[in-house]
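Shown next, in structure tokens, is the structure this report addresses.
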């Protein structure tokens with residue numbers, strides 16, 4: 001599956017660069033400063049897309065894990081692994097951008113607020129997933145265990161979020177909510193373009209990573225084969 | 001049956017319970033030396049301290065719960081037995097749950113004694129919360145213990161997987177325990193107890209389901 005993706009991959013990469021450049025121009029030049037928070041609020045345009053894509057990454061990992069357990073296809077496993085590897089970078093980027101935004105507005109880099117804690121736990125679950133994979137030798141077992149962990153984490157995340165929210169919260173309500181927009185239309189356009197760009201970037205990076213993982217395994221297999229043949 | 005086997009083995013060897021108990025005792029002493037505990041801070045911190053001690057003790061016990069099976073290749077024998085994998089999970093879960101509870105039963109009076117806790121008239125409620133919290137930890141712990149059984153760096157991997165996912169149980173248990181120790185009326189913390197019960201149900205179902213996939217050979 002992964003060998004015939006070259007042109008598509010290049011296209012996605014270029015599209016991500018294009019969308020993100022346009023998005024940055026719109027966010028930094030076109031959109032007006034926020035009424036309350038001034039220029040600082042522009043960081044929302046990377047913070048929110050990072051956050052949404054982190055969640056998307058885990059959703060993709062969950063779906064791929066379900067697909068793996070169902071069909072036992074190696075491609076699904078590579079995609080799940082790649083999606084978490086890329087996702088954890090987005091989680092860290094979300095937290096970093098959020099901290100930079102939090103310092104001037106909340107006067108603190110970090111606070112033990114419900115959303116922040118849930119997000120940090122998402123990062124920890126992803127890290128646990130990657131470590132479990134690294135420590136299991138048998139590839140089939142590794143894929144199966146990782147898939148089970150991803151699914152349990154996916155079911156557990158809303159529970160964690162709920163319990164932490166009941167415990168305490170301070171975060172501003174989400175800017176994109178079904179009840180309607182709480183931001184100006186120009187900002188909305190800029191945010192949407194950034195979001196689209198980030199999603200394409202995520203898809204691109206996930207495909208690249210999954211191919212990398214696949215090729216590494218193939219290389220390993222062919223090397224072992226060569227050693228065996230040399231011995232004979 | 002699986003639980004019965006584990007219990008019998010434990011009664012004969014007393015390895016797991018003894019190590020869990022002494023570890024818990026040490027945690028208790030470390031709290032005493034590292035934290036400044038006057039009567040006011042004790043009240044604030046105690047629910048958290050109790051659950052940190054229970055949880056860490058649980059980590060010691062749960063993390064090792066499949067070691068004997070692995071060392072003696074008993075897991076293959078268990079799998080060959082004419083029972084479902086789910087039954088093995090429930091048996092292991094019950095065994096782990098009872099071990100943790102046994103340690104808690106001995107440990108908690110020491111907390112009461114050393115830190116002058118006032119538990120008059122609240123023992124039954126506390127016991128209920130301990131049972132619920134321990135069951136939640138054991139449900140996830142038994143599954144992850146099986147999962148990390150064959151990995152390298154088992155001792156490190158187990159808490160790394162368990163702790164983030166067990167956070168709802170810890171929050172619920174600490175809040176409910178805090179409500180009881182502060183002698184609040186039942187209605188003040190009843191929702192945490194209900195929440196704990198729901199979490200447990202979800203975690204036992206997840207564990208049961210996950211275990212069947214983990215032990216597939």
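The values are calculated or read from the model by the stated rules, or taken from the named source; none is laboratory data. Since the structure is predicted, the reported quantities are computational estimates derived from the model, not experimental observations. Cβ atoms come from the backbone with ideal geometry, glycine included; neighbour counts cover every protein chain shown.
Of all residues in segment B:171-194, those being within 9 Å of chain A (Cβ to nearest Cβ) and either surrounded by 17 or more Cβ atoms within 10 Å (Cβ to Cβ) or in contact (Cβ under 8 Å) with a residue 40 or more places away in the chain (or both) number 4.
For residue A:86, the conditions (1) part of a helix (DSSP H, G or I); (2) modelled with pLDDT under 90 all hold with the exception of (2).
When segment B:137-157 is limited to residues that are touching a residue at least 24 places away in the same chain (Cβ under 8 Å) and either surrounded by fewer than 24 Cβ atoms within 10 Å (Cβ to Cβ) or more than 15 Å from the chain's Cα centre (by Cα) (or both), the one that is farthest from residue B:111 (Cα to Cα) turns out to be B:150. Considering only segment A:44-65, I want to know if a residue exists there that is closer than 13 Å to residue A:197 by Cα and free of Cβ contacts under 8 Å to residues at least 24 places away in the same chain. No - not one qualifying residue is present in segment A:44-65.
Residue A:152 falls short on exactly one of the conditions (1) part of a loop (DSSP other than H, G, I, E, B); (2) within 7 Å of chain B (Cβ to nearest Cβ), and that condition is (1). In the set B:137, B:126, B:162, only one residue is within 11 Å of chain A (Cβ to nearest Cβ), in contact with a helix residue (DSSP H, G or I) (Cβ under 7 Å, 6 or more places away or on another chain) and part of a helix (DSSP H, G or I); that residue is B:162.
Rundown of residues vs (1) modelled with pLDDT under 85; (2) within 30 Å of residue B:169 (Cβ to Cβ), yes/no style:
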| site | (1), (2) |
| --- | --- |
| A:166 | yes, yes |
| A:175 | yes, no |
| A:187 | yes, no |
| A:197 | no, no |
| A:205 | no, no |
| A:210 | no, no |
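In segment B:195-217, the residues that are within 10 Å of chain A (Cβ to nearest Cβ) form Cβ pairs under 8 Å with partners that are at pLDDT below 85 and not in a helix (DSSP H, G or I), at six or more places apart or across chains, as follows: B:212/B:84.
Residue count for segment A:117-134 satisfying the condition of being farther than 13 Å from residue A:85 by Cα and in contact with a helix residue (DSSP H, G or I) (Cβ under 6 Å, 6 or more places away or on another chain): 3. Looking only at residues in segment A:115-140 that are assigned to a helix (DSSP H, G or I) and within 7 Å of chain B (Cβ to nearest Cβ), the one that is surrounded by the most Cβ atoms within 10 Å (Cβ to Cβ) is A:125. Here residue A:159 meets the list (1) surrounded by 23 or more Cβ atoms within 10 Å (Cβ to Cβ); (2) within 9 Å of chain B (Cβ to nearest Cβ) almost entirely, failing just condition (1). Consider residue A:112 carefully, then state whether it is more than 9 Å from chain B (Cβ to nearest Cβ), in contact (Cβ under 8 Å) with a residue 40 or more places away in the chain and surrounded by 14 or more Cβ atoms within 10 Å (Cβ to Cβ). No. Would segment B:78-93 turn up any residue that is at pLDDT 85 or above, more than 14 Å from chain A (Cβ to nearest Cβ), assigned to a helix (DSSP H, G or I) and within 13 Å of the chain's Cα centre (by Cα)? Among the residues of segment B:78-93, at least one is at pLDDT 85 or above, more than 14 Å from chain A (Cβ to nearest Cβ), assigned to a helix (DSSP H, G or I) and within 13 Å of the chain's Cα centre (by Cα), which makes the answer yes. Is one or more of the residues making up segment B:161-181 closer than 24 Å to residue B:30 by Cα and more than 17 Å from the chain's Cα centre (by Cα)? Yes: segment B:161-181 contains one or more residues that are closer than 24 Å to residue B:30 by Cα and more than 17 Å from the chain's Cα centre (by Cα).
Does residue B:132 meet the test of being part of a helix (DSSP H, G or I), surrounded by fewer than 24 Cβ atoms within 10 Å (Cβ to Cβ) and either at pLDDT below 85 or within 14 Å of chain A (Cβ to nearest Cβ) (or both)? In short, yes. Filter segment A:46-71 for residues that are surrounded by 19 or more Cβ atoms within 10 Å (Cβ to Cβ) and within 14 Å of chain B (Cβ to nearest Cβ); which is nearest to the chain's Cα centre (by Cα)? Taking the candidates together, the pick is A:58.
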